[in-house]
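J.: Just dropping this structure here.
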Amino acid sequence: AFEELTGYKPEELVGKNQSILSYKVTPIDVYKDLWRHLLAQQSWNGVLINKRKDGERYLADLTVAPVLGGDGQTSYYLALHRDVTEVHELEQQVRKQKVLIESVVDAAPVVMVLLNNDGKVILDNHAYKKLMADLRGEEPADIFLKSLSTVIESDRKLACDQRQGFINREVSFKNSQGIATRWFSCSGVWVNEKHITADDYFSDEDQCCLLLVANDITQQKRQQNQIKTNAMRALMAEQQLVHG
């Protein structure tokens, strides 16, 4: 396995210094930390940038431990290492995608929240947090779920892939502290969320979650109400004029 990883044959490695694998990009502080542990007869684990015989670089997840002789002195160093280049690249891709998605979600001008089947918040964005602050600590999700209970509760009786979700359901509410009425146009879709805890490692079960998107249409509603009020006033004025 070592030959396959490094590209070297035994006769090319035996008797040579291990630095034959080193690539000079690894910071010197990493090597200093490594030798500080080994000279204290302690094991060390870390990541080095190594190079194969053909010059290709790879990331080596390295664990080195001193092997002590009968006199208590270090006789050998046993090194176990594996190529983690692909794992590192995948981790970086996932991290970048996570940051990108979170940035997009947070920058969205609409309220977005992911709720589990019990109505608990799993993920939310900046607009949701701002709404919670506007409501002075009340959980917006509880208000949305209560207002949308007729379409949500019926779906909860079905399997997640059979739930239809909903689009543009208008919700209005004001909190218990007398905040002015707010209107939202709500859409929701049911999604499967993978369990990622250690307890669920061997389980294929998913949890069904609701992705709720709420667009604040308070201003539009107020404008519509103002138009209706003005139209009513104009009609009443006309009726009074005709009566006169």
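The values are calculated or read from the model by the stated rules, or taken from the named source; none is laboratory data. Since this is a predicted model, take the numbers as computed values, not measurements. Backbone-built Cβ (ideal geometry, glycine too); neighbour counts: all protein chains shown. With ligands, DNA and RNA removed, areas are computed over all heavy atoms of the protein, side chains included. Shrake-Rupley method; radii C 1.70, N 1.55, O 1.52, S 1.80 Å.
Here is a yes/no grid of residues against (1) open to solvent by 50 Å² or more (accessible area, probe 1.4 Å); (2) more than 21 Å from the chain's Cα centre (by Cα):
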| position | (1), (2) |
| --- | --- |
| VAL121 | yes, no |
| ALA141 | no, no |
| PHE144 | no, yes |
| ARG156 | yes, yes |
| ARG163 | no, yes |
| ARG182 | no, yes |
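J.: Identify all residues within region 161-203 that are of a type outside the set (S, T, N, Q), at pLDDT below 80 and closer than 23 Å to ASN225 by Cα; write none if there are none.
T.: PHE173, LYS174, GLY178, ILE179, ALA180
J.: Could you list, in sequence order, all residues of region 57-102 that are open to solvent by less than 100 Å² (accessible area, probe 1.4 Å) and assigned to a loop (DSSP other than H, G, I, E, B)?
T.: GLY69, GLY70, GLY72, VAL84
J.: What is the number of the single condition among (1) of a type in the set (Val, Ile, Thr); (2) surrounded by fewer than 11 Cβ atoms within 10 Å (Cβ to Cβ); (3) in contact with a helix residue (DSSP H, G or I) (Cβ under 8 Å, 6 or more places away or on another chain) that VAL191 does not meet?
T.: Result: VAL191 fails condition (2) only.
J.: Please list, ordered by first then second residue, the pairs with beta carbon atoms under 9 Å, 6 or more apart or interchain, first in region 119-133 and closer than 14 Å to ILE143 by Cα, second acidic (Asp, Glu) and part of a helix (DSSP H, G or I).
T.: Sorted first by the residue in region 119-133, then by its partner, the pairs are GLY119/ASP142.
J.: Tell me, which residue of region 3-20 that is in contact with a helix residue (DSSP H, G or I) (Cβ under 9 Å, 6 or more places away or on another chain) and touching a residue at least 24 places away in the same chain (Cβ under 8 Å) is nearest to LYS51 (Cα to Cα)?
T.: Here the residue is THR6.
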